1. Order His241, His58 by their accessible area, 1.4 angstrom probe, all chains in place, largest first.
2. Val55: net charge of surrounding residues, Cβ under 12 Å, Lys/Arg +1, Asp/Glu -1, itself excluded?
3. Hey, can you rank 47-57, 63-73 by average C-beta count inside 10 Å, highest first?
4. The stretch 318-370: which trypsin sites (Lys or Arg not before Pro) are DSSP loop and have at most 11 other beta-carbon atoms within 10 angstrom?
5. Let me spell out the model: positive unit charges on the Cβ of Lys and Arg, negative unit charges on the Cβ of Asp and Glu, origin at the Cα centre of the stretch 247-376. What dipole size does that give, in debye rounded to 20?
6. Where does each of Lys244, Lys77 land when they are ordered by accessible area, with a 1.4 Å probe and the largest first?
7. Calculate the dipole size of the stretch 337-397 relative to its Cα centre from +1 charges on Lys and Arg beta carbons and -1 charges on Asp and Glu beta carbons; express the result in debye to the nearest 20.
8. Above 18 angstrom, tally the Cα pairs of the stretch 278-404 and express them as a % of all pairs, no decimals.
Amino acid sequence: MDGQHDELSFSRENRLPSFTEVLSRRTRPPVDLFMFYLFLQREGAEDILDFWLDVQQHENLCRAYFKDVRKSGRTIKEDWPQYWDYARRRGSIYGTVVGLNPEVAGTKRSTASTGELLSEQDKRNLADEKPRSPSPRATPGMSDRTQVASTSPNDPIQRSTTPFSLSGRTPTLFNLKRASRAPTIIPRSSAITRQDLIASAERIYFRYLSPAANTVNSQENHEIYLPPSLRIHSFPLSSAHEPKTQSELAVLAQIPDMFHAQKEYCFRAMEQDAFPRFLRAKAFGNLTPVSSLVRLILGLLILWIGLAAAFSLVFLDVKPKSKRFFLFIPFTFAILFLISHQYELDPILVFFGQSETTPFRTLTIREPYVKKLLLGRAIWVTVLVAVFVTALTLLFWAVPGHRL
């Protein structure tokens with residue numbers, strides 16, 4: 001694993017990582033997935049990343065199911081004819097896994113996976129049958145046993161290692177509720193079933209997409225923003241009951257691909273908006289906003305003290321004049337803090353190879369190109385500090401004393 005990381009790092013010695021590399025956990029601090037999650041937390045927008053990670057795990061769960069079926073000696077067409085027919089007609093992201101030819105696998109999927117999941121005829125059939133509507137409070141899909149991790153070394157389920165939310169923030173474009181938690185993972189000791197897939201999809205729907213996410217069980221529901229064309233308005237299945245009717249089986253066939261279009265939208269939204277700002281914050285600076293603000297306050301305070309001392313030495317005409325050279329001490333701290341705030345970069349931390357994660361907590365910079373960028377900017381900041389401190393100190397040394 002270390003050799004793989006070294007090879008990946010070598011390939012990025014002269015460039016910043018891409019968003020895909022960050023999401024696939026192929027980058028190192030301070031531009032890794034953990035730091036990106038913390039960055040979104042500060043903006044109150046980590047729910048969109050939680051959604052992407054949950055859908056990624058849902059899709060990995062579906063892949064593991066299809067692989068289990070094929071390892072058992074059965075074909076997907078024999079095991080799940082409704083899904084096979086749906087994927088053959090409308091295309092599926094699992095085409096190569098389930099055995100569809102590349103032309104069918106690459107077909108643009110229909111928008112039937114967005115908006116209403118049912119046709120008008122299906123909705124009439126379900127209305128006649130009066131199925132139970134799943135409750136977000138009592139739904140097993142909302143429990144911690146929703147996501148299943150593979151124990152087979154050949155079929156790993158990607159795991160989210162993102163931390164839980166630290167505190168509440170102001171809602172943004174991406175989320176309407178806060179305090180989201182990372183996906184819960186348990187090891188599986190048996191084959192994945194279609195009910196597991198329903199439970200996974202049910203949890204994602206009621207947590208991120210249900211219109212009731214703002215009012216029902218707000219600690220577990222965090223509706224994200226999606227354009228109207230991508231919103232899913234209903235989820236007629238329940239993990240507590242096995243689908244039996246034709247209408248329910250038709251909806252079940254859409255479960256594996258249900259959230260893929262929404263996942264792609266979230267990927268593009270993060271890649272075009274949040275990710276560039278994340279790179280600017282972490283590849284060209286090493287301070288958090290709170291830490292930067294503290295430096296501004298301390299810098300102004302120490303500068304006021306230094307100027308007060310300087311003018312006192314001048315107007316009291318303190319002898320010998322060489323004592324004024326000691327003014328470089330408060331001027332150094334003041335200018336260092338002020339320029340660190342302006343550049344959001346502390347050169348001392350950079351020289352020690354550190355970057356802040358949360359206010360006044362640091363980790364080691366390990367991404368080669370980022371380390372190179374930060375070191376160059378740290379040297380520039382150090383030069384600026386030295387120039388300003390020297391200028392201020394010489395200015396107050398050269399001013400003739402005049403006792404008032």
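1. Values: His241 85, His58 0 Å².
Largest to smallest exposure gives the sequence His241, His58.
2. Working: positive: Arg203, Arg207, Lys263; negative: Asp50, Asp54, Glu59, Asp257, Glu264.
Charge balance in the 12 Å sphere: -2.
3. Working: 47-57: 24.1, 63-73: 16.8.
Per-residue Cβ counts within 10 Å, averaged per peptide and sorted highest first, yield 47-57, 63-73.
4. On the way: sites: Lys321, Lys323, Arg324, Arg361, Arg366; in loops: Arg366.
In loop regions of the stretch 318-370 (DSSP not H, G, I, E or B), there are no sparsely surrounded trypsin sites (Lys or Arg not before Pro).
5. Details: 14 positive and 10 negative charges, 189 e Å.
Dipole magnitude for the stretch 247-376 comes out near 900 debye.
6. Values: Lys244 160, Lys77 120 Å².
If we order Lys244, Lys77 from most to least accessible, we get Lys244, Lys77.
7. On the way: 5 positive and 4 negative charges, 36 e Å.
That gives a dipole near 180 debye.
8. Values: 4492 of 8001 pairs.
The proportion of pairs with Cα distances above 18 Å equals 56 percent.
The values are calculated or read from the model by the stated rules, or taken from the named source; none is laboratory data. Just so it is clear, the structure is predicted and the values come from calculations on it, not from any experiment. Cβ: placed from backbone, ideal geometry, glycine included. Neighbour counts: every protein chain shown. To get the accessible areas, we keep the full protein, side chains included, count just its heavy atoms, and leave off ligands, DNA and RNA. Shrake-Rupley method; radii C 1.70, N 1.55, O 1.52, S 1.80 Å.
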